[in-house]
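Notes follow once the structure below has been shown.
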Amino acid sequence: ERGISWDRHRHVREVPTDAFGDISFGGLGQKTGKYVRVSTDTSPELLYRLLTEQWELSPPNLLISVTGGAKNFYLKAHLKNMFHRGLIKVAQTTGAWIISGGMHTGVMKHVGQAVRDHALSSAMQGQIVAIGVATWGTIHNREALVHSEVQ
């Protein structure tokens, strides 16, 4: 096998997911979210059904996809506050889902902070749906998210 370049079809094995459930985010009190590990070619229809039927999220009126580099950058306090307030207001007033790369770096970190600050400051009024789509290999302590007893 030496010298053979990596090939998804040769080196990846598809099995029923053993990584799913509820997750608590540190520093958020009792705020929990849900997670699932899926294949790169899982159909969008299947993911949508998981989110709306199994996880019972209200269907979105709008998707806000926040993309950008993972490079950290400094944002002056007033710009950061404007970004946070604007993002949350748009998500609340439109019933949007906010989708990002789910990492704690770059613009994704600002999205996470905005959602966290909103969750801490409001007792469920206008709940914000934030979905992080991260590559499995980048998730810290991912082994703890796997249920070894799943067949």
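The values are calculated or read from the model by the stated rules, or taken from the named source; none is laboratory data. These numbers were taken from a predicted model, which means no experiment stands behind them. Positions of Cβ are backbone-derived with ideal geometry, glycine not excepted, and every protein chain shown enters the neighbour counts. Ligands, DNA and RNA are excluded from the accessible area calculation, which covers all protein heavy atoms including side chains. Shrake-Rupley method; radii C 1.70, N 1.55, O 1.52, S 1.80 Å.
A few points about this structure:
- Qualifying position, being modelled with pLDDT of 90 or more and either within 24 Å of Asn141 (Cα to Cα) or open to solvent by 60 Å² or more (accessible area, probe 1.4 Å) (or both), among Leu57, Leu63: Leu63
- Count - residues of segment 1-37 that are modelled with pLDDT of 70 or more and within 30 Å of Ala114 (Cα to Cα): 12
- Answer residue from segment 80-90, given it is under 12 Å from Val111 (Cα atoms) and of a type outside the set (A, V, I, L, M) and is most open to solvent (accessible area, probe 1.4 Å) among those: Arg85
- Which numbered condition Val115 misses (of (1) farther than 21 Å from Arg37 by Cα; (2) in contact (Cβ under 8 Å) with a residue 60 or more places away in the chain): (2)
- In segment 66-79, residue modelled with the highest pLDDT [restricted to those that are over 21 Å from the mean Cα position of the chain (by Cα) and open to solvent by less than 70 Å² (accessible area, probe 1.4 Å)]: Ala77
- Residues of segment 38-54 that turn out to be open to solvent by 90 Å² or more (accessible area, probe 1.4 Å) and assigned to a loop (DSSP other than H, G, I, E, B), as a count: 2
- Of everything in segment 110-151 that is within 21 Å of Thr40 (Cβ to Cβ) and of a type in the set (Val, Ile, Thr), the residue that is modelled with the lowest pLDDT is Val150.
- Residue in segment 100-116 that is in contact with a strand residue (DSSP E or B) (Cβ under 6 Å, 6 or more places away or on another chain), more than 21 Å from Ala134 (Cβ to Cβ) and outside any loop (DSSP other than H, G, I, E, B) present: no
- Every residue from segment 86-99 that is assigned to a helix (DSSP H, G or I) and touching a residue at least 12 places away in the same chain (Cβ under 8 Å): Leu87, Ile88, Val90, Ala91, Gln92, Thr94
- When segment 80-108 is filtered for residues that are at pLDDT below 85 and on the phi < 0 side of the Ramachandran plot, the ones remaining, listed by number, are Gly101, Met103, His104, Thr105, Val107, Met108.
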